[in-house]
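Trainee: Dropping a structure here in structure tokens format, bear with me for questions.
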Amino acid sequence: MNRKPMLALLGAALTLSAAAAEAQVYVRIGPPPPVREVVPVRPVGHPNWVWQPGYHRWDGGRYVWVPGAYAAPPRPYARWVPGHWARRPGGWYWMDGHWR
């Protein structure tokens, strides 16, 4: 039996089960305005790293600022799409940032 298709199916199943297990948390209070960050100089030796801006994270009872950071893109020409808070009828919820 060829193991590659079996491993691919297993990987897909694990990914889907992890995504399904992730619960969306709604917050009744909207997030505060973003903190103005001073973007530091890109680290030496990493000309392709991309700045990922900071964001407010909900910590069960209040928003906490998570500072921005540089990150290595997963592939050439990848673009970082920042996460953001979205308002829905149930309240505010966080949409994670991702590479495109």
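Trainee: Just to be sure I understand the model, the point goes 7 Å from the Cα along the line to the Cβ. What's the resulting ARG75 to ASP96 distance in nm?
Mentor: About 1.8 nm separates the two model spin labels.
Trainee: Further, regarding this structure: Count charges around TYR26 for me, please; just the other residues with Cβ under 12 Å from its Cβ, Lys/Arg as +1, Asp/Glu as -1.
Mentor: Counting the neighbours of TYR26, the net charge comes to +3.
Trainee: Based on the mean of other beta carbon atoms within 10 Å per residue, what is the order of 74-86, 47-59, most packed first?
Mentor: Numbers: 74-86: 11.4, 47-59: 14.7.
Most protected by this proxy first, the peptides run 47-59, 74-86.
Trainee: Cα gyration tensor of the range 32-100, axes a ≥ b ≥ c as square roots of the eigenvalues: rounded (a/c below 1.5), prolate (a/b > b/c) or oblate?
Mentor: Oblate, because a/c is 1.5 or more while a/b does not exceed b/c.
Values in this text are rule-based calculations from the coordinates and carry no lab data. The shown structure was predicted, so the numbers you read here are calculated from the model rather than taken from an experiment. Counting neighbours? That spans all protein chains shown, and the Cβs are built from the backbone with ideal geometry, glycine included.
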